[in-house]
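In what follows, a single structure is set out as structure tokens and then discussed.
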Amino acid sequence: MSHPLYIAFIWHQHQPLYKSPNSGAFSPSQHNYHLPWVRLHGTKDYLDLVLLLERYPKLHQTVNLVPSLILQLEDYVAGNAVDPYLEISLIPTEQLSPAQKEFIIQHFFDANHHTLVDPHPRYSQLYEQKQDKGLDWCLANWELSDYDDLLAWHNLAWIDPLFWDDPEIEAWLQKGRNFTLSDRQQIYRKQQQIISRIIPQHRQMQDTGQLEVTTTPYTHPILPLLANTDSGQVAVPNMTLPEAQFQWPEDIPRHLQKSWDLYIDRFGRTPRGLWPSEQSVSPEVLPYIKEQGFKWICSDEAVLGWSLRHFFHRDEAGNVGEPELLYRPYRLETDHGDLAIVFRDHRLSDLIGFTYSAMKPQQAASDLVGHLEAIAKMQREQNPDTPWLVTIALDGENCWEFYPEDGKPFLEALYTTLSKEPHLQLVTVSEFLDKFPPTATIPTEKLHSGSWVDGSFTTWIGDPAKNRAWDYLTQARKVLANHPEATPENNPAAWEAMYAAQGSDWFWWFGEGHSSNQDAIFDQLFREHLCGVYKALNEPIPDYLLQPVELHIPQGEHGPQGFIHPVIDGVADEQDWDRAGRIEIGGARGTMHSSSPVQRLWYGVDHLNFYLRMDLKSGVQPGKDLPAELNLLWFYPEQTMHNSPIPLDDVPDTAPMNYLFHHHLEIHLLTQSVLFQEAGENFQWHCRASRAQVAFNKCLEVAIPWADLQVPPDYPLQLVFVFAEEGHFRQYLPEDTFIPLQVP
């Protein structure tokens, strides 16, 4: 019997608990939500995703709705949530204070400007004034009408294009400028109307069978770390753990029960699937999940790889080897019965999450379908009698901000193609498990303790700042335990604050790894939740909770913090490079660099290209203050291949200049022309075609396709900049090191 290739999309819809417990330990504020992202994503990302799917009834999917998100959406619908962005949006502009005007200019462009600002001429005009002329100029020259329009456009731009045919929304978009307070009030009411439809629409589509809705532990905590923070050392044995061990497994059933009850109340049935927060699993948490009644969970292919002691290699096209191991469900045995688990294809999920937004919609959809058809072909050739399930699971909100029209053209192209493809069938996870229960077993003790980020917990523990936050949480939990009379029933405030503080998001933003311009607010929210525990118990609030967990200062040098997709125009758009790695050069890295005309280097990747940016000091001119020939040379550590010396004269016989390299790209900074070469036998260089993009304006920006290098995913490589003048070596950057990269 030949099976189609079954595909399970799982969209994870989540926002942390922005609602403040108003502990009184901080300055009082009129708003009770510190950030607006539940409201803004609520109008842009949650409803349209399922409404679009509804147009393709043959396609079934799974959506995970986190309880903390549901509760906050309902707060906005009821009018019980006020965030600072909303508060200012509803103030008459003539009453704005200087501080409020400054806040508006600084924060009401908080969006990806390529997709949410630039398409709207008036919004784009205001953004360009802020970027080109600066905050002080805007404060001195903007009229009240400029603030009126910016307040309106920030809220309008976050309304999904799927709703633009609404007569009111269409009228606002056509109006463009000269918005009034009444307009802004009506826009807010439209936001509430959209948000009010989210939960009913999910329930309706689940009732018709096209959708499966799953849930997550109540406030999105990492269950393995609640059970025991020592689980951080399973993947990283030398991890530095917090001073105090956090070990409160009794909190796990509380989170599960609360999410279970909320789900039944909103959806009129019991849930079947559980998305463990951050796809984090461990043997210790399985009995609690099964005892609560859940039938299946999901995690990442890295967790499966660790569990099977098998690394999933991919070919140059990105298709996984040993697909029969990844594309199947597994059975986990617990004392309370069996639990099924599926593992997502990490690469396919990341392509949607981080790369397809940089491609034309039809091209991106065709690429994904091409990968799925390749998997279906492997199934027919290798296991025609065995059904395969490809799980694609990712955030269902954050990626669309980078797609044109919020991903609508991409999803329409994808769904249209999938609806016509007889060998590809989209199913909910439960549909597949009901038809094909798992036959393979992972012994419980063999299940790896890890998450969907590198199969480890390093994103949430192990860093000094993250560990400090865990110590604060541990101390507050001990204080709560010392009050046995404070039960969840008779002192819900204490427990709700504790649940909120256990959420994964706070630890995500602490320390190394991730950063945003709102780190200080996340820090404050975490401490406010902890202060809420002490206040509810009538205990003194520790002084350390009145100070930030860490100092939030702009970072200097750091590695990449996520995928990037810069527009190669030489403009150095700050949003394009905000997740890139950064290396300081001028005056920061030794005697040779103290006089370098180069200020800093930036680098990053997505699945299509790797990206480089070179910032020059003010006034520097290539060909005059800087050699006009820039050579990029690739070194592949511990790889067997043909290599050649740097093809320049006067190269010093010192490391790393005396290394042998495999690829060479020469960029002429004056003409922006390129020459690409690959090393061959007998230390020769051979010209190759290249689709590299180069732009030099305010800075140098370069995009080099991975396809030029013809190396497979997970391949490590190192890069160095070498300047030359008429073929003679002059200087290299960065000093005494390489820029490290890895093919995603």
| Hey, H120 hits all of (1) of a type outside the set (D, E, K, R); (2) surrounded by fewer than 18 Cβ atoms within 10 Å (Cβ to Cβ); (3) more than 30 Å from T416 (Cα to Cα) but one; which does it fall short on? | (3)
| task | For residues that are part of a loop (DSSP other than H, G, I, E, B) and in contact with a helix residue (DSSP H, G or I) (Cβ under 7 Å, 6 or more places away or on another chain), scanning just region 484-505, find the one that is surrounded by the fewest Cβ atoms within 10 Å (Cβ to Cβ). | result | P488
| Tally time: how many residues in region 629-649 are within 18 Å of D736 (Cα to Cα) and surrounded by fewer than 12 Cβ atoms within 10 Å (Cβ to Cβ)? | 1
| task | Go through region 272-289 residue by residue and tally those that are assigned to a loop (DSSP other than H, G, I, E, B) and surrounded by fewer than 24 Cβ atoms within 10 Å (Cβ to Cβ). | result | 2
| said: Can you tell me how many residues within region 352-372 are among the charged types (D, E, K, R) and modelled with pLDDT under 95? | reply: 0
| Just one of G176, G209 is surrounded by fewer than 13 Cβ atoms within 10 Å (Cβ to Cβ) and at positive phi; which is it? | G209
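This table checks each residue for (1) over 19 Å from the mean Cα position of the chain (by Cα); (2) more than 26 Å from D505 (Cβ to Cβ); (3) of a type in the set (V, I, T).
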{"position": "F9", "(1), (2), (3)": "no, no, no"}
{"position": "D45", "(1), (2), (3)": "no, no, no"}
{"position": "V50", "(1), (2), (3)": "yes, no, yes"}
{"position": "S68", "(1), (2), (3)": "no, no, no"}
{"position": "Y85", "(1), (2), (3)": "yes, no, no"}
{"position": "P92", "(1), (2), (3)": "yes, yes, no"}
| query | Which condition breaks for G556 when tested against (1) surrounded by fewer than 17 Cβ atoms within 10 Å (Cβ to Cβ); (2) assigned by TED's automatic domain parsing to the domain that holds T474? | reply | (2)
| task | Sort out for me the strands (runs of 3 or more DSSP E) sitting completely within region 624-691 that have 3 or more residues that are under 35 Å from the mean Cα position of the chain (by Cα). | result | 629-635, 663-668, 673-679
| request: Quickly run through region 305-331 and pick out the residues that are of a type in the set (A, V, I, L, M, F, W, C) and within 25 Å of Q13 (Cβ to Cβ). | output: L326
| Picking from L262, L241, L225, which residue would you name as being surrounded by 24 or more Cβ atoms within 10 Å (Cβ to Cβ) and either over 25 Å from the mean Cα position of the chain (by Cα) or of a type in the set (A, V, I, L, M) (or both)? | L225
| When region 316-360 is examined, which residues are found to be among the β-branched types (V, I, T) and closer than 23 Å to Y715 by Cα? | V320, I352, T355
| request: Select from region 156-171 the residues that are assigned to a helix (DSSP H, G or I) and either over 22 Å from P409 (Cβ atoms) or among the aliphatic types (A, V, I, L, M) (or both) and list them in ascending order. | output: L156, A157, L162, P167, E168, I169, A171
| field | Tally, over region 506-521, of residues that are part of a helix (DSSP H, G or I) and surrounded by fewer than 23 Cβ atoms within 10 Å (Cβ to Cβ) | value | 4
| request: State the number of residues belonging to region 696-739 that are of a type outside the set (A, V, I, L, M, F, W, C), closer than 14 Å to L633 by Cβ and in a strand (DSSP E or B). | output: 3
| message | For Q13, only one of the following conditions fails: (1) at positive phi; (2) under 21 Å from the mean Cα position of the chain (by Cα); (3) not hydrophobic (A, V, I, L, M, F, W, C). What is its number? | response | (1)
| field | Of the criteria (1) more than 27 Å from S357 (Cβ to Cβ); (2) over 25 Å from the mean Cα position of the chain (by Cα); (3) surrounded by 14 or more Cβ atoms within 10 Å (Cβ to Cβ), which one K130 fails | value | (1)
| remark: Quick count over region 523-550, residues being part of a helix (DSSP H, G or I) and either under 13 Å from L480 (Cα atoms) or in contact (Cβ under 8 Å) with a residue 40 or more places away in the chain (or both), is 16
| query | What about Y188, is it within 28 Å of the chain's Cα centre (by Cα) and among the hydroxyl-bearing types (S, T, Y)? | reply | yes
| Restricting attention to region 463-470, does a residue exist that is touching a Cys at 6+ places or on another chain (Cβ under 9 Å) and not hydroxyl-bearing (S, T, Y)? | no
| query | Between a first residue in region 556-580 that is over 14 Å from L612 (Cβ atoms) and a second residue that is modelled with pLDDT of 90 or more and aromatic (F, W, Y), which pairs have beta carbons less than 6 Å apart while being 6 or more apart in sequence or on different chains? | reply | F563/F354
| message | So, in region 409-427, how many residues would count as being under 16 Å from Q61 (Cβ atoms) and at pLDDT 95 or above? | response | 13
| query | Inside region 40-109, counting only helices (runs of 4 or more DSSP H) that do not spill past its ends, which hold 2 or more residues that are out of contact with any Ser or Thr (no Cβ under 6 Å at 6 or more places or on another chain) and under 25 Å from P21 (Cβ atoms)? | reply | 67-78, 84-89, 98-107
| remark: Out of (1) closer than 16 Å to K698 by Cβ; (2) buried (at least 19 other Cβ atoms within 10 Å of the Cβ); (3) at pLDDT 90 or above, the one L626 does not meet is (3)
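The values are calculated or read from the model by the stated rules, or taken from the named source; none is laboratory data. These numbers come from a predicted model, not from an experiment. No Cβ is skipped: glycine too gets one built from the backbone with ideal geometry, and neighbour counts run over all protein chains shown.
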